Amino acid sequence: MARAYSMELEAHERYAQFAEQLDTHNNREVAELFRKLSHIESLHAKRILEEMRWPSLPALPPAYAWDTAEGPETALPDAVHYLMQPWHALEMALRCELQAQQYFEGIAAGKAPPGVRKAALEMADEEREHVRLIRDWMRRVPQPEAGWDEDPDPPRTTE
Amino acid sequence: MNAPGAPMLAAKDFKSDTKPVWCPGCGDFSVLSAITKALAALGLKPENVAVVSGIGCSSRIPAYTSCYGFHGVHGRALPVATGLKAARPDLTVLVASGDGDGYSIGGNHFLHACRRNVDLTYIVMDNHVYGMTKGQPSPTTEPDWSSKLAPGGTGLKEFHPLVIALASGANFIARAYSGDPNGCAALIEQAVRHPGFSFIEVLSPCVTFRPEQREWKNMAHPAPVAPTDDPGRAARRLMTDDGFNIGVLYQGHRAPYRLGNVASQTVEALECQFRL
């Protein structure tokens, strides 16, 4: 569960970082969406703390001990574009939630002690629910048209 | 030094309220994050750390931290940091630079900072391009990289900073990748702990002028061998590596430079010597 907590926290930080980046580039709609995603991840982390009733924060696993460079629920640092649209942000969140679901399913199907596998199964169910919620959210958001990243007046040009 | 028993700070405590203006997706965001994580892991306090830089996208970093900072002159971050460390050896001094600032304009300072082996940590965010000034080729740009500003490429062989650092006497040489901020933080932490001049080259993609560098995520890989303290072996490894080996590549044992006689005179006594 310490690992799950660490994963949610890392995702919360990355989305907050993306919100700041898009604020700076005046893409307020997507910045706001990233702020929402960041808040949701922080609520997940908080709930783990409450459920575990840890008297103090447990020693978190070394952050760089994931199989990948970062936790499975963390979006890649270069996954943003200044012209991106809400649909792109949700697509990114969907990918992260799917990775988290697969991560916990992998632990549940592995050779970990029964208590760990049970907890992993619960976490996988939870991530599955997040996947469903994001898919619902995506249905309410327009899909970007081709050429969404073409800027007739780019901020940085060598012309 | 921090007071004994002082609470450990978190990475966010090393970030300032100034929001970075880098392009979204820039590798430098992750380097900033890695620096703050490393400083927190080292148990330092912002008032015991100074971040010194030159000019360029990466050199904006001091403003984004809550540590002491000096955003200096192009290519001159290392001399400023050397002076600061000599005067205030109690401070942890980090130096931030880019491939243009650090290897071209500041190239000569790079050689002599390695040679002097003052206890500094030099973090160079290398994206193989001058990003801030709209995409000119830098010393680490590939000879055949063709752009509007260098049609057909420069045809010039690229600089090999790690080999040069080794030959010049750097005591710790590592390569990190910004796409792995946690790994990068761990390397910065090791570099700060290692006495003497520590040099970390961070592959930090420029998503605006070198979008093809997004592919670095598929190219960066852990160095297949453990760090060595043998300069000869390190030289062979560095000369033949593919440019994407990530990790500590050399760790020497050379004693860091220490100023023998720090502030032994009062200001008044010094003024007397210059009185006409």
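The set of residues in the stretch A:123-159 that are assigned to a loop (DSSP other than H, G, I, E, B) and farther than 30 Å from B:Tyr130 by Cβ comprises A:Arg140, A:Val141, A:Pro142, A:Gln143, A:Pro144, A:Glu145, A:Ala146. Among the numbered conditions (1) in contact with a helix residue (DSSP H, G or I) (Cβ under 6 Å, 6 or more places away or on another chain); (2) assigned to a helix (DSSP H, G or I); (3) modelled with pLDDT of 95 or more, the only one that A:Ala75 does not meet is (2).
Inside the stretch B:157-189, can you point out the residues that are in a helix (DSSP H, G or I) and among the acidic types (Asp, Glu)?
First pass over the stretch B:157-189, keeping only residues in a helix (DSSP H, G or I): B:161-168, B:181-189.
If the condition is that a residue be in a helix (DSSP H, G or I) and among the acidic types (Asp, Glu), then B:Glu189 is the only one that fits.
Based on this model, can you work out whether A:Met84 counts as out of contact with any strand residue (DSSP E or B) (no Cβ under 9 Å at 6 or more places or on another chain), within 14 Å of chain B (Cβ to nearest Cβ) and aliphatic (A, V, I, L, M)? Answer is yes for this residue. Within the stretch B:28-40, is there a residue that is outside any helix (DSSP H, G or I) and touching a residue at least 12 places away in the same chain (Cβ under 8 Å)? Looking through the stretch B:28-40, none of the residues is outside any helix (DSSP H, G or I) and touching a residue at least 12 places away in the same chain (Cβ under 8 Å).
A:Leu43 satisfies every condition listed in (1) farther than 15 Å from A:Ala79 by Cα; (2) within 12 Å of chain B (Cβ to nearest Cβ) except (2).
Conditions (1) within 12 Å of another protein chain (Cβ to nearest Cβ); (2) farther than 27 Å from B:Gly100 by Cα; (3) surrounded by fewer than 19 Cβ atoms within 10 Å (Cβ to Cβ), marked per residue:
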position: B:Pro181; (1), (2), (3): yes, no, no
position: B:Ser198; (1), (2), (3): no, no, no
position: B:Gly243; (1), (2), (3): no, no, yes
position: B:Ala269; (1), (2), (3): no, yes, yes
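Please state which one of A:Ala112, A:Ala120 is out of contact with any Pro (no Cβ under 8 Å at 6 or more places or on another chain), surrounded by 12 or more Cβ atoms within 10 Å (Cβ to Cβ) and part of a loop (DSSP other than H, G, I, E, B). When all the criteria are applied, what remains is A:Ala112.
Counting just the residues of the stretch B:88-109 that are among the polar types (S, T, N, Q) and surrounded by fewer than 24 Cβ atoms within 10 Å (Cβ to Cβ), which one comes out nearest to B:Ser66 (Cα to Cα)?
Filtering the stretch B:88-109 down to residues among the polar types (S, T, N, Q) leaves B:92, B:97, B:104, B:108.
Checking which are surrounded by fewer than 24 Cβ atoms within 10 Å (Cβ to Cβ) leaves us with B:92, B:104, B:108.
Values: B:Thr92: 14, B:Ser104: 29, B:Asn108: 30 Å.
Restricting to residues being among the polar types (S, T, N, Q) and surrounded by fewer than 24 Cβ atoms within 10 Å (Cβ to Cβ), the top hit is B:Thr92.
Residues in the stretch B:213-226 that are assigned to a loop (DSSP other than H, G, I, E, B) and either more than 10 Å from chain A (Cβ to nearest Cβ) or at pLDDT below 95 (or both): B:Ala223, B:Pro224, B:Val225, B:Ala226. For A:Phe34, the conditions (1) within 24 Å of B:Arg214 (Cβ to Cβ); (2) aromatic (Phe, Trp, Tyr); (3) outside any helix (DSSP H, G or I) all hold with the exception of (3). Here B:Lys45 meets each of (1) closer than 18 Å to B:Arg193 by Cα; (2) at pLDDT below 95; (3) charged (D, E, K, R) with one exception, condition (2).
Mind checking whether some residue in the stretch B:66-79 is surrounded by fewer than 24 Cβ atoms within 10 Å (Cβ to Cβ), touching a residue at least 24 places away in the same chain (Cβ under 8 Å) and part of a helix (DSSP H, G or I)? For the stretch B:66-79, residues surrounded by fewer than 24 Cβ atoms within 10 Å (Cβ to Cβ), touching a residue at least 24 places away in the same chain (Cβ under 8 Å) and part of a helix (DSSP H, G or I): present. In this structure, B:Arg210 qualifies as within 14 Å of chain A (Cβ to nearest Cβ) and buried (at least 18 other Cβ atoms within 10 Å of the Cβ).
Residue by residue, here is whether (1) among the aliphatic types (A, V, I, L, M); (2) more than 25 Å from B:Thr141 (Cβ to Cβ); (3) touching a residue at least 12 places away in the same chain (Cβ under 8 Å) holds:
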| site | (1), (2), (3) |
| --- | --- |
| B:Val207 | yes, no, yes |
| B:Arg210 | no, no, yes |
| B:Glu215 | no, no, no |
| B:Val225 | yes, yes, yes |
| B:Asp229 | no, yes, yes |
| B:Leu238 | yes, no, yes |
| B:Ile246 | yes, no, yes |
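So that you can scan it fast, the table gives a plain yes or no per residue for (1) in contact (Cβ under 8 Å) with a residue 60 or more places away in the chain; (2) within 13 Å of chain B (Cβ to nearest Cβ); (3) on the phi > 0 side of the Ramachandran plot:
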| site | (1), (2), (3) |
| --- | --- |
| A:Glu8 | yes, no, no |
| A:Ala11 | yes, no, no |
| A:Glu20 | no, yes, no |
| A:Arg28 | no, no, no |
| A:Glu32 | no, no, no |
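Only one of A:Glu41, A:Glu29 is farther than 26 Å from A:Asp151 by Cα and charged (D, E, K, R). Can you tell me which? It would help to see each step written out before you state the result.
Details: A:Glu29 fails: farther than 26 Å from A:Asp151 by Cα.
The match here is A:Glu41.
Any residue at all in the stretch A:89-107 that's more than 9 Å from chain B (Cβ to nearest Cβ), at pLDDT below 95 and farther than 18 Å from A:His130 by Cα? Within the stretch A:89-107 (the criterion being more than 9 Å from chain B (Cβ to nearest Cβ), at pLDDT below 95 and farther than 18 Å from A:His130 by Cα), the answer is yes, since at least one residue qualifies.
Do the conditions hold for B:Ala63, that is, is it among the small types (Gly, Ala, Ser), outside any loop (DSSP other than H, G, I, E, B) and within 15 Å of the chain's Cα centre (by Cα)? Please lay out each step first, then the result.
Working: among the small types (Gly, Ala, Ser): yes; outside any loop (DSSP other than H, G, I, E, B): yes; within 15 Å of the chain's Cα centre (by Cα): no.
In short, no.
Any residue at all in the stretch B:6-23 that's in a helix (DSSP H, G or I), over 30 Å from A:Met84 (Cβ atoms) and away from chain A (no Cβ under 14 Å)? No - not one qualifying residue is present in the stretch B:6-23.
Among the criteria (1) surrounded by 23 or more Cβ atoms within 10 Å (Cβ to Cβ); (2) more than 19 Å from the chain's Cα centre (by Cα); (3) of a type in the set (A, V, I, L, M), the one B:Leu149 does not fulfil is (1). Evaluating A:Arg53 against the criteria (1) more than 10 Å from every other protein chain (Cβ to nearest Cβ); (2) within 25 Å of B:Ala41 (Cα to Cα) leaves one unmet condition, (2).
The values are calculated or read from the model by the stated rules, or taken from the named source; none is laboratory data. What you are looking at is a predicted structure, and each value in this text was computed from that prediction instead of being measured. Cβ sites come from the backbone with ideal geometry, for glycine too, and all protein chains shown count toward neighbours.
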